[in-house]
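A short write-up of the structure that comes next.
Nothing in this text is a laboratory measurement; each read-out follows from the coordinates by a stated rule. Quick caveat, the model's predicted, so the values are computed rather than measured. Here Cβ is always computed from backbone atoms with ideal geometry, including for glycine, and neighbour counts include all displayed protein chains.
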Amino acid sequence: MFHGTITALLTPFKNGQIDEDAFRAHLDRQIEAGVHAVVPAGTTGEAATLSFAEHKRLIGITVEHVAGRVPVIAGTGSNNTAESIELTQSAKSLGADAALLISPYYNKPTQEGIFRHYEAVADAVHLPQIVYNVPGRTQSNILPATVARLSKISNIVGIKDATADMEQFNATLDACEGRIDFFSGDDATVLPFMALGGAGVISVVANVAPQAMLRLTNAAAAGDWNEARKAQLAMRELNRVMFVQSNPIPVKAACAMMGWIGAEVRLPLTVLPDDLCAELHASLTAFGLKPERTLP
């Protein structure tokens, strides 16, 4: 259903509010680059600090502005199942093509609790849904057997796997028996992920370098592993520097250096410090992205 390079969109802020003009321009930049889909209001979009009204507004802007040019996969996850249902219902009513739902964080549910959470959302909202496993943020891991159970629910169509654990990915892939698609949530391991059967990546780095990520996913999809390997290796330093602090701090700083958005983030996140800004600027320059300015 979905494939290739899918951008996990950042959310530009200006004076504490969503910078809607900058966000629309960012959408156009991504679509013109050729990305295969976009994800508003996810982790990279600072969904945890968006009000319900802002969250819904951001999805609405995306659907309206994209206007069918690429699929919109709305971030609708929460650690509260009722809230996840409400956000997913809203995404459907706004015209999103699918929803991406993070596994409940902070609560540390059991595997049965994780299953029932996703089952409840899928039962409540008939919209294609992608499970999101990111243990580094949620402190719980969706195990292969649980993903296999979820894959039997008709409108659960995929999983974003940010574990970078190829052994677990293999086990999960086998357990699901082709019922769902797999998307990498780790920019640094897209090549091995796709070589093992992944459909693509939901990418942070694509915010600043969509063509580079497209080079990788397009080559992998075509079975041109030599080209895919070159593309992955070419992005090694860029992938590293985009995660020198918590996402989306570095990628927002990078896009601000390019002159596309402001570097503003919402507390408890803070802007990238001076020494890391200098490192990031040097990496962008070395990659050929030609940042217009330094920060702060």
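Bin by bin, in steps of 5 Å, what percent of the Cα pairs in segment 3-48 do you find, going until the bin that has the longest distance?
With 5 Å bins starting at 0, P(r) equals 6, 22, 29, 24, 13, 4, 1, 0.
Highest first, please rank the peptides 272-283, 77-88 by the mean number of other Cβ atoms sitting within 10 Å of their residues.
Working: 272-283: 17.1, 77-88: 20.3.
Result, highest mean Cβ count within 10 Å first: 77-88, 272-283.
Counting each pair of different Cα atoms once, what's the Kirkwood radius of segment 50-109 in Å, rounded to one decimal?
Here the Kirkwood hydrodynamic radius works out to 11.7 Å.
Taking Rh as the Kirkwood radius computed over C-alpha pairs, what is the Stokes-Einstein D of segment 160-264 at 37 °C in a medium of viscosity 0.692 mPa s, expressed in µm² per second?
In µm²/s, the coefficient is 229.
On a 25 Å Cα-Cα criterion, which of the cross-link pairs K160/K252; K92/K252; K56/K290; K56/K252 come out too long?
Distance filter (> 25 Å) returns K92/K252; K56/K290.
Considering just Cα atoms, how many Å³ per residue does the convex hull of segment 87-154 enclose?
Value for segment 87-154: 82 Å³ per residue.
So for segment 4-233: antiparallel DSSP bridges make up what percent, rounded to the nearest 5?
Looking only at bridges with both residues in segment 4-233, the antiparallel portion is about 5 percent.
So who's got an amide H within less than 5 Å of the one on Y105, skipping anything under 5 residues away but keeping other chains? H placed 1.01 Å off N, in plane.
Residues meeting the amide H criterion: N79.
Given the DSSP H assignment, sum -39500 (n - 2.57) over each helix run of at least 4 residues in the chain and divide by its residue total; what's the result at 222 nm in deg cm²/dmol, nearest 500?
Dividing the helical sum by the residues of the chain leaves -13500 deg cm²/dmol.
Please report the orientation-averaged projected area of the chain, defined via the convex hull of its C-alpha atoms, in nm².
Mean orientational projected area (the chain, Cα hull): 13.7 nm².
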